[in-house]
């Protein structure tokens, strides 16, 4: 079958229209500034958890906008530029490996999301969140399961957070070259587990995660399961 560029264009506009359905319904109810919030890095063995909050204007068209996990790195980088160019506001929240160890990853993720929302100017009238509600945010919230695939503003937040965290891990890789952070971004790959076995953890590792610190036998335990390499 011959490629139909016009048909593909209309299909993409239809997909983007569906992706903005929740935001469109909230605007019809009088909400003006609607923030989408998402985080990345929960399942990593090292590095921070990073959250982003994004307020997109009405009728913002961002071709290829989608859940960050469905996009490759060059596409995410390009979309990050476009999102920041057209967004009404972008906020980022970062909680370090030490913060995660001092509390736990769920609380750290929620705190990072709250920080990202608090960084928004103007402040949002409503907040869309991927799957959870954020404690301490005094705005109407709507948790959406798989929100990064169902909401344009959450998808935008997932991309901003992913690009931001990946760049942080590239910087970490320069400080600690033994671990290959530029390749796995802190997640539990074979390469990363082997580096931990040989070199032990560095200051960017989450020491509270099972297997990161050597057990008495001198081996790490690679059975820990990373929660998606988002």
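Every number in this text was worked out from the coordinates using simple rules, so none of it is lab data. For clarity, every value in this text was computed on a predicted model and none was experimentally measured. Quick reminder, even Gly has a Cβ in these numbers, built from the backbone with ideal geometry, and neighbours come from all protein chains shown.
Here are the numbers for the structure shown:
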quantity: The chain: relative contact order as a whole-number percent, Cα under 8 Å and 6+ apart; calculated: 27 percent
quantity: Cα long-axis angle, helix 5-19 against the chain (0 to 90 degrees, to the nearest 10); calculated: 80 degrees
quantity: Label-point separation, residue 42 to residue 118 (7 Å along Cα→Cβ), nm; calculated: 2.1 nm
quantity: Efficiency of FRET from Cβ geometry, residue 183 and residue 12, R₀ 25 Å, rounded to 0.05; calculated: 0.20
quantity: Cα-based convex hull, segment 22-148, per residue volume (Å³, whole number); calculated: 105 Å³
quantity: Using alpha-carbon coordinates, inclination of helix 152-175 to the longest axis of the chain, degrees; calculated: 30 degrees
quantity: Listed candidates (1) 136; (2) 153; (3) 122 - label of the one calculated as volume of the Cα convex hull per residue in Å³; calculated: (1)
quantity: Helix axis angle, 73-86 relative to the chain longest principal axis, alpha carbon, degrees; calculated: 50 degrees
quantity: Spacing of the two label points (7 Å from each Cα toward its C-beta) at residue 145 and residue 213, in nm; calculated: 3.7 nm
quantity: Rounded to 5, percent antiparallel among DSSP beta bridges of the chain; calculated: 65 percent
quantity: Value of [θ]222 nm, deg cm²/dmol, for the chain, DSSP H segments ≥ 4, -39500 (n - 2.57) each, nearest 500; calculated: -13000 deg cm²/dmol
quantity: Length added when fully stretched, residue 104-residue 61, from 0.36 nm per residue minus Cα-Cα; calculated: 11.7 nm
